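Worksheet: one structure, shown below.
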Amino acid sequence: AAKRGGRDRVVRYRPELRSARETFTRISAGLRHAVERGELAVHYQPVVELPGARIVAVEALLRWTPADGPVPPDDFIPVAEETGLIVPIGAWILEQACRAAGTWHERFGTSITVNVSVRQLAEPHFADEVLAVLDRTGLPAAALVLEITESVFAGDADALPDALARLRGHGIRIAIDDFGTGYSSLSYLNQLPVDILKIDRSFVPSGPGSDGDHAFTRAVLQLGSSRSLPAIAEGIETAEQAEVLHALGCRLAQGYHFAKPGPASQLEAAFARLNPVRTG
Ligand code: C2E
Ligand code: MG
Ligand code: MG
Ligand code: MG
């Protein structure tokens, strides 16, 4: 069989292809029962204001820990999207996050930001379900931010999917996640019907460096400020990065330097450290 040539041989004898398919099958089989088995959890990571690092928002990040140990989101989210399992899982995390966010919103005025995949937006009742979650949890629309990626626009930079336009009409804000890694060029920035930009960590300056190194970040911040579109710099790991960004005019940041994602109890500790409630 090894002598057989052509496409047939390529398909049959590439072990990395077989193992990729096995991984996909294993992950999708496990994910199917993740909610009912209680294997999913939500971690929360602060978004802070520079330079003081007061927490102004919190991002909800999905965690999956089946019996044989945690699986990173970058491994299981694509499988959840391809199989459609992201629809029930996304509904689950939205509800958990909005429920948890209520007291933080009341105590600290923070908003909650939840990642939404293109697959969820394609569901006919997506907007109704989001509004129903706000109803059930009592969270104000102004306290919810939905994070989408540039792929939502797929070349049509001024058209927001109907569901998002409707939610935006209710006061829910829309953020573009991983900005700079997708389709939208800087020239579209003025048209994008969104409220917040999250600059992908691959564009975040590693240190002082030359002007050229900071060109993208600087341009996003300038264009953003000209139409008052706040930008959040993702993946800040050092004090030096935080200083450089602040000097470039960036007001909002997220990253391990300020706080790592963690369970709600860890976020409470971050609030106590970064947003101390003044008395007297
Ligand atoms: P994202 O939405 O861009 O989330 C930020 C990711 O960067 C998170 O990875 C976070 O843990 C990580 N991060 C934060 N600060 C730092 C830092 O200083 N350095 C580095 N190296 N990384 C940092 P995580 O939690 O592994 O999630 C990865 C991606 O999975 C997310 O990227 C998002 O696209 C997706 N994801 C996570 N939860 C959900 C969800 O509930 N729904 C959907 N649709 N996607 C999700
Ligand atoms: Mg995100
Ligand atoms: Mg992302
Ligand atoms: Mg991101």
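Any read-out appearing in this document is the output of simple, stated calculations on the displayed coordinates, not a laboratory observation. None of these values were measured; they are calculated from a predicted model. FYI the Cβ positions are ideal-geometry reconstructions off the backbone, even for glycines, and counts take in every protein chain you see.
Taking every full run of DSSP H in the chain, the ones that stretch at least 18 Å from end to end by Cα along their long axis and average -1.0 or higher on the Kyte-Doolittle scale are 15-31, 86-108.
Could you give the length gained by full extension between T238 and V118, i.e. 0.36 nm per residue of separation minus their alpha carbon distance, to one decimal place? The span from T238 to V118 would gain 40.0 nm if fully extended.
Which of rounded, prolate, oblate describes region 49-205, given a ≥ b ≥ c as roots of the alpha-carbon gyration tensor eigenvalues and a/c under 1.5 marking rounded, otherwise prolate only if a/b is larger than b/c? Rounded is the answer for region 49-205, as its axis ratio a/c remains below 1.5. Compared with the alpha-carbon gap, the fully stretched path from A154 to K260 is longer by 35.0 nm at 0.36 nm per residue.
Each peptide in 21-28, 107-114 was scored by the mean count of other Cβ atoms within 10 Å over its residues; highest first, the order is 107-114, 21-28. So what's the gap between the Cα centers of region 36-89 and region 162-200, to the nearest angstrom? The distance from the Cα centre of region 36-89 to that of region 162-200 comes to 21 Å. In this simple spin-label model, placing a label point 7 Å from the Cα along the Cα-to-Cβ direction at both A215 and R37 gives a separation of 5.0 nm. At q = 0.08, 0.12, 0.15 Å⁻¹, work out log10 I(q)/I(0) for the chain with the Debye formula, treating every Cα as an identical point scatterer and leaving solvent out; two decimals please. Treating every Cα as an identical point scatterer, log10 I(q)/I(0) equals -0.38, -0.82, -1.21.
Between the beta carbons of R107 and R18, assuming R0 = 51 Å, the FRET efficiency works out to 0.50 to the nearest 0.05. Along the charge dipole of region 74-196, which of N115, A97, A159 sits closest to the positive end, that is, farthest toward it, with unit charges on the beta carbon of Lys, Arg, Asp and Glu (+1, +1, -1, -1)? Ranked along the dipole, the leading option is A97.
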